[in-house]
Amino acid sequence: MGHVALRELTKTFEKDGNEIVAVSDLGIEIEDGEFLVLVGPSGCGKSTTLRCIAGLERTTDGEIWIGDGEVTDEKPKNRDIAMVFQNYALYPHMTARENMSFGLKMTTNLSSGEIDERVDDAAEMMGIEELLEKTPGELSGGQQQRVALGRAIVRDPAVFLMDEPLSNLDAKLRASMRTELQDLQQKLDVTTVYVTHDQTEAMTMGDRIAILNAGELCQIGSPLECYHYPDSRFVASFIGSPSMNFIDGKIEHADEGATIRTSAFEYALGEETVDRITDPVTDVVLGIRPEDIRVATGADDGIRADVSVTEPVGERTYVYLDIGDVSCTASIPGDSTYEPGETIEIVIPEDRIHLFDRDTDEAIL
Ligand code: ATP
């Protein structure tokens, strides 16, 4: 059983007489067999959370459960976990086979025949049968990471804990290893907690993602839930690339519907949209994703915008726009071309907008 529960987990550090709250009151339930990604900007507490689950850090407060047992004060070796690090952490003087079997030799009573069998199975799974007699110095970064993953697999743990395991690999290898890791996780059906600061990695790999900021959990949900229904401006800006556009405005209500007045344009809201607003604040931030902006020359409801820069990235082109004193980005199909200096019209579809309370940053639509 690889169910993992973090209950009111808090971890503080003491540095130069100051208390640093790395993780604050974190509550997360991770299902057996789930692939959960912890994501957030540098310093948000991802690694500390993972290290607490592993038992490499003592928690300051709260509880950690793995399966049916509380492990808050257990030693790492009693937690039935296997950890994979960014820097592989292989023993340099040992061959790949020795690296993969070392943990089993130390912590189990398996015979050397049984250990060899497990190593051979894991090596086959990772496609590294030919590398087993080589030392880490003779292997590429990608091959070392395969050995490190193989070493985790042979342990047959209840939980895999992975801390940015792909971040030392080049972009192409990272993309292919992502898919491979996901396939592997599904095949093995082992609960996995995976730390990354890369939102693309989080979006593509996780069954669910937990977005952290400043030690706190901002939102947890499926990647698409977090993309379509961000709870806060922070989550909205962190998930999605290029980032969501945010435009300050004030709502003025009328008999039917309402108008958002920004410094550059007015945006009419229909009654149905107004009914869905959860908090009747006046100062709002209008959010629209670059890929939701339509360019529609001659549209009745278009907003005039000046093209400042275009950035073709292949399938899409990013168009940087000035609408009066408001800057925003549109992501349009790569085959459409606009020139810097050109004036175009854009449409912001009402069913695609987000609204945030400007004071609290919480989503109100
Ligand atoms: P990154 O992506 O940069 O690794 P992170 O989200 O994993 O960041 P953590 O490494 O968990 O963040 O750090 C969270 C906070 O705790 C940071 O402010 C960090 O400086 C602090 N911190 C982490 N470990 C220690 C430590 N051993 N002593 C003091 N402060 C620490």
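Ala96 versus (1) surrounded by fewer than 22 Cβ atoms within 10 Å (Cβ to Cβ); (2) away from the ligand (no atom under 16 Å from the Cβ); (3) of a type outside the set (Asp, Glu): which is the lone unmet condition?
Of the numbered conditions (1) surrounded by fewer than 22 Cβ atoms within 10 Å (Cβ to Cβ); (2) away from the ligand (no atom under 16 Å from the Cβ); (3) of a type outside the set (Asp, Glu), the odd one out for Ala96 is (1).
Within the stretch 319-365, count every residue that is more than 25 Å from the chain's Cα centre (by Cα), under 18 Å from Glu291 (Cβ atoms) and not in a loop (DSSP other than H, G, I, E, B).
Looking only at that region, the number is 12.
Any residue at all in the stretch 14-26 that's touching a strand residue (DSSP E or B) at 6+ places or on another chain (Cβ under 8 Å), small (Gly, Ala, Ser), more than 23 Å from Ser222 (Cα to Cα) and within 15 Å of the ligand (Cβ to nearest atom)?
So far as the stretch 14-26 goes, yes, one or more of its residues are touching a strand residue (DSSP E or B) at 6+ places or on another chain (Cβ under 8 Å), small (Gly, Ala, Ser), more than 23 Å from Ser222 (Cα to Cα) and within 15 Å of the ligand (Cβ to nearest atom).
Since Ile53 meets every condition but one in (1) more than 19 Å from the chain's Cα centre (by Cα); (2) on the phi < 0 side of the Ramachandran plot, which condition does it not meet?
So the condition that Ile53 fails would be (1).
For the stretch 65-82: of the residues being out of contact with any Asp or Glu (no Cβ under 7 Å at 6 or more places or on another chain) and not in a loop (DSSP other than H, G, I, E, B), which is surrounded by the fewest Cβ atoms within 10 Å (Cβ to Cβ)?
My answer is Lys77.
Let me spell it out: the conditions are (1) in the same structural domain as Ser331 (by TED's automatic domain parsing); (2) within 16 Å of the ligand (Cβ to nearest atom); (3) of a type in the set (D, E, K, R), and Lys250 meets all of them except one. Which number is the exception?
The number of the failed condition is (2).
In the stretch 49-84, how many are within 16 Å of the ligand (Cβ to nearest atom), closer than 27 Å to Ser140 by Cβ and touching a helix residue (DSSP H, G or I) at 6+ places or on another chain (Cβ under 7 Å)? Explain how you work it out, then say what you get.
Restricting attention to the stretch 49-84, the residues satisfying the condition of being within 16 Å of the ligand (Cβ to nearest atom) are 49-62, 64, 83-84.
Imposing the further condition that a residue be closer than 27 Å to Ser140 by Cβ reduces the set to 50, 54, 83-84.
From the residues that got through so far, the ones that are touching a helix residue (DSSP H, G or I) at 6+ places or on another chain (Cβ under 7 Å) too are 54, 83-84.
The total comes to 3.
Tell me which of these Ser47 doesn't satisfy, since it passes every other one: (1) without any contact (Cβ under 8 Å) to a residue 60 or more places away in the chain; (2) part of a helix (DSSP H, G or I); (3) surrounded by fewer than 23 Cβ atoms within 10 Å (Cβ to Cβ).
Result: Ser47 fails condition (1) only.
Would you check which residues across the stretch 179-201 are within 16 Å of the ligand (Cβ to nearest atom) and either among the hydroxyl-bearing types (Ser, Thr, Tyr) or in a helix (DSSP H, G or I) (or both) and list them?
Tyr194, Thr196, Gln199, Thr200, Glu201
Out of the stretch 262-302, which residues are of a type in the set (Lys, Arg), surrounded by fewer than 18 Cβ atoms within 10 Å (Cβ to Cβ) and closer than 20 Å to Asp361 by Cβ?
Result: Arg276, single match.
If a residue has to be assigned to a loop (DSSP other than H, G, I, E, B) and either within 16 Å of the ligand (Cβ to nearest atom) or over 19 Å from the mean Cα position of the chain (by Cα) (or both) to count, how many in the stretch 127-169 make the cut?
17
The values are calculated or read from the model by the stated rules, or taken from the named source; none is laboratory data. Here the structure is a predicted model, which is why all the values come from computation and not from measurement. Ideal geometry is used to build each Cβ from the backbone, glycine not excepted, and the neighbour counts take in all protein chains shown.
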